[in-house]
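Readers should treat all values here as calculations from the given coordinates under stated rules, not as data from a laboratory. Only a predicted model underlies this, so the values are computations on that prediction, with no experimental measurement involved. Backbone-built Cβ (ideal geometry, glycine too); neighbour counts: all protein chains shown.
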Amino acid sequence: MSPRIIDLENADHRDLLNAEWRYADGLVPGEPNGGLVNELAETPARLADYDDSNWDIIDDIQLGRSTGFCFGWYRMTVTLPETIDGELLAGRSVFFETCVDDYGELWIDSECDMAFGETGRGCVSGFNYPQRVCLAEQAEPGREHVIAVLAVNGPFGRPGGGIFLRYARLTVE
C-alpha cells in the first residue's frame, strides 16, 4: 500500500472513522479561569477516558477560537476501518499529523511521546511547527484511538489572534 491520507477536516473521511471533532476552552475545561492555576500538576483532558460528551461538536478546526492568552482542547475518537481505498489496513502504521496555532501538545490514547528526534516529530511543539506522532505501529481494524490536542495561543508574552489547527490528518504507511 502506498501512503494514504485520511483528511480529518473532511466529513466523509471522518465518517469512515466514525469520528467527530469536539472542542472545549480551557486547560481544564469547565473549571474557573479555564483551570489555570499556579503549579497545576496535570489536566485530565489529556486522558483517553475523559468525558468530553458535553463539549461542542465542531466541523471547522481552522476557525480561530478564544483570544489572548488562552488554552483549548480538540478531541476525537477514531475507529480504524478494515480498508482504506480498497486496501487492507491491518498491520500498517498510522500517524496523526497536524499543525497547531500556536503551541500544541498531542496526546494519543493518554500518552504524549516526549522523544523528539526530527523537528516537529514529538508530541510537544512550539510556535506553528508541524507535528507527526504514531497513532498505531500496527493498525488493528475496529480498534479505537483517542486523539487529544491541547492548543495554546502565543507568544505567551503578547498573544495575538486565537487558537486553531491548520490541518489534521491520518497518514497510513
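For the reader, a short list of remarks on this structure follows.
- Label point 7 Å beyond Cα of PHE156 along Cβ direction - residues of the stretch 92-109 with amide nitrogen under 20 Å: 100-107
- Spatially, the stretch 131-173 and the stretch 69-104 are offset by 7 Å when compared through their Cα centroids.
- Once both labels are positioned 7 Å from their Cα atoms along Cα-to-Cβ, the gap between SER2 and LEU40 label points is 4.5 nm.
- From helices alone, the chain scores -1000 deg cm²/dmol at 222 nm; the rule is -39500 (n - 2.57) for each run of n ≥ 4 DSSP H residues, then divide by the residue total.
- Between the amide H of ARG92 and those of ALA139, distances stay under 5 Å, these residues lying 5 or more places away or on another chain, with hydrogens modeled in the peptide plane.
- Computed from phi, the 3J(HN,Hα) profile of the stretch 148-154 under the Karplus parametrisation 6.51, -1.76, 1.60 (θ = phi - 60°) reads 10, 10, 8, 10, 10, 7, x Hz, with x in place of Gly and Pro.
- Among THR98, THR83, THR171, the order by Cβ neighbours within 10 angstrom, fewest to most, reads THR83, THR171, THR98.
- Sequence-distant residues sharing a close amide H with ALA48 (under 5 Å, placed H): SER110
- Whole-Hz Karplus values for the stretch 50-62 come out as 5, 7, 9, 5, 9, 6, 5, 8, 10, 9, 10, 7, 8 Hz, taken residue by residue from phi with 6.51 cos²θ - 1.76 cosθ + 1.60 and θ = phi - 60°; glycine and proline positions read x.
- Estimated Rh, the chain: Kirkwood, alpha-carbon pairs, angstrom: 16.3
- Relative contact order of the stretch 1-117, defined on C-alpha pairs under 8 angstrom at six or more residues apart (%): 32
- Whole-Hz couplings from phi, Karplus 6.51/-1.76/1.60, listed for the stretch 15-28; x for Gly and Pro: 4, 4, 9, 6, 10, 8, 7, 10, 9, 8, 6, x, 6, 10
- Extension gain (nm, one decimal) between ALA48 and ALA90, 0.36 nm per residue minus Cα-Cα: 12.9 nm
- Estimated dipole of the chain in Debye, rounded to 20 [Cβ of Lys and Arg +1, of Asp and Glu -1, Cα centre]: 480
- Chymotrypsin sites (Phe, Trp or Tyr not before Pro), loop per DSSP, at most 15 other Cβ atoms within 10 Å - longest free stretch of the chain: 1-68
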